[in-house]
Amino acid sequence: MPGYEIKPAKWLSLDLKELWQYRELFWFMAWRDIKVKYKQTLLGFIWVILQPLVLMFIFSLLWTRVMKVGTVDMPYPLFAYSGLIFWGLLSSGISSASESMLANSNIIKKVYFPRIIIPASAIIIALFDFLMTLIVYLIMIFYYDLEPGFLKFTGLLLISVLITSGASFGIGLIIASATIKYRDFRYVMPFFLQTFFFLSPVVYPLSLFSSEPLRLILSLNPLAGAISICRSALSNNAVDWNTAVYGIMMTIFLLIAGLTIFRRMESQYSDLL
């Protein structure tokens, strides 16, 4: 009886037909991980909401009372919270995707399915957490009596979410592949995310820096473009499309790099895990 050889897809080939065939597995893994994350927790998803809220109060006190640094034309708590929820989406997506392959090593060794389903389903967890924090964000908008246009707000918010999710998926694929081969990356991750946080305009505006080259470098951060687009929906400022385009281009680059590295190493995963 002739054997059947399973070969990984080449480079950027996603094999959408195969992914569609395994769509039920994708949603099953995403829902399973969400239930595991909140199982046996007293407050459940409220923990996801508390983290950006507490940080918002801390940074509001620090920036407005101690350092007295001005921001854009919106209340600073809302300014900070808008950045913190997108940072939560990015950091949670990167952390979940980068650890997903190791966490599912037993399944990978036993049965074949498109491996990219694992880190992709991990991004769904981050998106679920983001939706929880988004509820508080909408409440804050009404509290401060802001009236953004529905279509403008929804459209810009969706673009910001796509940029952030794409960047976290691309980075997550790169780190997931690297972690399988070199376990050191598991210990580097907290330092990487902490550094990334302070290099992102989460709690401060890019206009804080007078140096144009420095602002350009910081604009290459996909999160800078995503946050800038989202905040412009609530302010009188027009969208800074220069920063937005830099963010979109960097997100595309990270996705291509992540998919390329992940596909190139896919045939080695079972042996390395």
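The values are calculated or read from the model by the stated rules, or taken from the named source; none is laboratory data. On a predicted model such as this, the values are computed, not experimentally measured, just so you know. Every residue, glycine among them, receives a Cβ derived from its backbone with ideal geometry; neighbour counts consider all protein chains shown.
Yes/no per residue for (1) over 30 Å from GLU147 (Cβ atoms); (2) of a type in the set (Ser, Thr, Tyr); (3) assigned to a helix (DSSP H, G or I); (4) modelled with pLDDT under 90:
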position: SER60; (1), (2), (3), (4): no, yes, yes, yes
position: TRP63; (1), (2), (3), (4): no, no, yes, yes
position: VAL69; (1), (2), (3), (4): no, no, no, yes
position: MET74; (1), (2), (3), (4): no, no, no, yes
position: ALA80; (1), (2), (3), (4): no, no, yes, no
position: GLY88; (1), (2), (3), (4): no, no, yes, no
position: MET101; (1), (2), (3), (4): yes, no, yes, yes
position: LYS109; (1), (2), (3), (4): yes, no, yes, yes
position: ARG115; (1), (2), (3), (4): yes, no, no, yes
So, first residue more than 17 Å from ASP129 (Cβ to Cβ) in the stretch 21-33, second residue at pLDDT below 85 and buried (at least 16 other Cβ atoms within 10 Å of the Cβ), Cβ within less than 8 Å, six or more apart or across chains; the pairs are TYR22/PHE113; TYR22/PRO114; LEU25/PHE113; PHE26/LEU19
Any residue at all in the stretch 264-273 that is under 30 Å from LYS110 (Cα atoms), part of a loop (DSSP other than H, G, I, E, B) and either of a type outside the set (Val, Ile, Thr) or at pLDDT below 85 (or both)?
-> yes
Of the residues in the stretch 150-209 that are under 20 Å from ASN104 (Cβ atoms) and among the aliphatic types (A, V, I, L, M), the one that is modelled with the lowest pLDDT is ILE180
(1) over 27 Å from SER121 (Cα atoms); (2) aliphatic (A, V, I, L, M); (3) surrounded by fewer than 20 Cβ atoms within 10 Å (Cβ to Cβ) all hold for ILE135 apart from (1)
So the helices (runs of 4 or more DSSP H) completely within the stretch 143-253 holding 1 or more residues that are of a type in the set (Phe, Trp, Tyr) and in contact (Cβ under 8 Å) with a residue 12 or more places away in the chain are 150-181, 185-198
Across (1) closer than 30 Å to PHE113 by Cα; (2) in contact (Cβ under 8 Å) with a residue 12 or more places away in the chain; (3) outside any helix (DSSP H, G or I), ILE256 clears everything bar (3)
So, GLY93, is that one under 26 Å from VAL245 (Cβ atoms), modelled with pLDDT of 90 or more and of a type in the set (Gly, Ala, Ser) or not?
yes
For the stretch 224-254, the count of residues that are surrounded by fewer than 19 Cβ atoms within 10 Å (Cβ to Cβ) and modelled with pLDDT of 90 or more equals 4
| message | Suppose the filter is hydrophobic (A, V, I, L, M, F, W, C) and surrounded by fewer than 20 Cβ atoms within 10 Å (Cβ to Cβ); does PHE262 pass it? | response | no
Practice problem: Within the stretch 122-133, identify whether any single residue is part of a helix (DSSP H, G or I) and either in contact with a Pro (Cβ under 7 Å, 6 or more places away or on another chain) or closer than 13 Å to LEU78 by Cβ (or both), and answer yes or no. | Solution: yes
Among GLY88, GLY83, the single one that is in contact (Cβ under 8 Å) with a residue 24 or more places away in the chain, in contact with an Asp or Glu (Cβ under 9 Å, 6 or more places away or on another chain) and closer than 22 Å to PRO205 by Cβ is GLY88
Discussion item. Quick check on the stretch 106-122. Is at least one of its residues out of contact with any strand residue (DSSP E or B) (no Cβ under 8 Å at 6 or more places or on another chain), crowded, with 21+ Cβ neighbours inside 10 Å, of a type in the set (Gly, Ala, Ser) and in contact (Cβ under 8 Å) with a residue 60 or more places away in the chain?
Written reply: yes
Checking PHE128, PHE86 in turn, the sole residue that is surrounded by 19 or more Cβ atoms within 10 Å (Cβ to Cβ) and either in contact with a Leu (Cβ under 6 Å, 6 or more places away or on another chain) or more than 18 Å from MET265 (Cα to Cα) (or both) turns out to be PHE86
